[in-house]
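Below is one structure, written out as structure tokens, with a few remarks after it.
Derivation of every value follows stated rules applied to the coordinates shown; laboratory data play no part. Not measured: the values here are computed from a predicted model. Methodologically, a virtual Cβ is constructed for each residue, glycine included, from the backbone with ideal geometry; neighbour enumeration extends over all protein chains shown.
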Amino acid sequence: MFDSQMKVKTAIRRSHGPETITVKFPDDEQWADWFRRRKVISTSHARGQTKLDIDTGEADLRLYEQIREPGSADLVAAEATEVVERIALREVAGGQVDADKVTVDLRVFPDQITTHRVRIPTTEEAGSLKRSTDVINLRFGQQQFKQSIHPSVKLYDACQISTENYANGVPAIHKDEVIRAALQLIEDEAAQGNQ
């Protein structure tokens, strides 16, 4: 069972050998701050190719500093990224669209499967979430995407029917992944129906 109030012990490989650190799982506002501080840059290249770069180093280091337990080592950005990637694990392990709901199985830290059932969002709700990303045009064919986790959390909360395998609530970062996966599953099903 996933517990959003857990403390996590994990090892970081350093030049002098492995070092164990302890962090608490971030709360929703800490995840929201991390989500907002990530740098997502899209660069257009010749022949319609696009490269997406996601730089989370500074955001990861800031989050680590907020969640580290006393006695845990100071880390550099790359090490903090390793820690955050471990605890932020959220991969869609399966999904199914039914007449009135979507079921999403989500693999979360530490390699557990949680199940979410959400009602199918209205077209207006789905469109509102898609429009919540700010796009900033930069020089040299680049765009920066700025996202807030709050619109997806709000939509998840409005659509949630039930969850399985959680103690102490569903974290914002899981809500975001689930509602976006549910919308993608709905779009995929609609695309198959139009063929």
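List residues of segment 105-145, by number, whose backbone nitrogen lies under 16 Å from a label position 7 Å along Cα→C-beta of Gln184. Once the point is set 7 Å along Cα→Cβ of Gln184, 105-108, 116, 130 turn out to lie under 16 Å by backbone N, inside segment 105-145.
Adding -39500 (n - 2.57) for every DSSP H run of four residues or longer, then dividing by how many residues the chain holds, sets the calculated 222 nm ellipticity at -11500 deg cm²/dmol.
Normalised by the number of residues in segment 2-193, the average gap of Cα pairs under 8 Å and 6 or more apart makes the relative contact order 23 percent. Residue by residue, segment 67-75 carries 3J(HN,Hα) couplings of 10, 5, 8, x, x, 6, 5, 6, 10 Hz when phi is fed to the Karplus relation 6.51 cos²θ - 1.76 cosθ + 1.60 (θ = phi - 60°); x denotes Gly or Pro. Cα-Cα over 26 Å: which of Lys146/Lys175; Lys24/Lys154; Lys130/Lys175; Lys51/Lys130; Lys24/Lys175; Lys51/Lys101? From Lys146/Lys175; Lys24/Lys154; Lys130/Lys175; Lys51/Lys130; Lys24/Lys175; Lys51/Lys101, over 26 Å: Lys51/Lys101.
Only residues of segment 10-46 count here: report those whose backbone N is under 17 Å from the spot 7 Å along Cα→Cβ of Asn165, or say none. What the label zone holds, given the 17 Å backbone N cut-off, is no residue at all. Sorting Val76, Val83, Val8, Val178 by the number of Cβ atoms found within 10 Å of their own Cβ, with the fewest placed first, yields Val76, Val8, Val83, Val178. For segment 11-47, list residues with backbone N below 19 Å from a point placed 7 Å from the Cα of Glu82 toward its Cβ? The answer is 11-24.
The order of Phe140, Phe25, going from fewest to most other C-beta atoms within 10 Å of their C-beta, is Phe140, Phe25.
Here the dipole of the chain is about 480 debye; that uses its Cα centre as origin and unit charges on the Cβ of Lys and Arg (positive) and Asp and Glu (negative). Model label sites at Gln49 and Arg119, defined 7 Å from Cα along the beta-carbon direction, differ in position by 4.6 nm. For the chain, the calculated P(r), taken from all Cα-Cα distances in 10 Å bins from zero up to the bin holding the longest distance, is 8, 30, 33, 22, 7, 1 percent.
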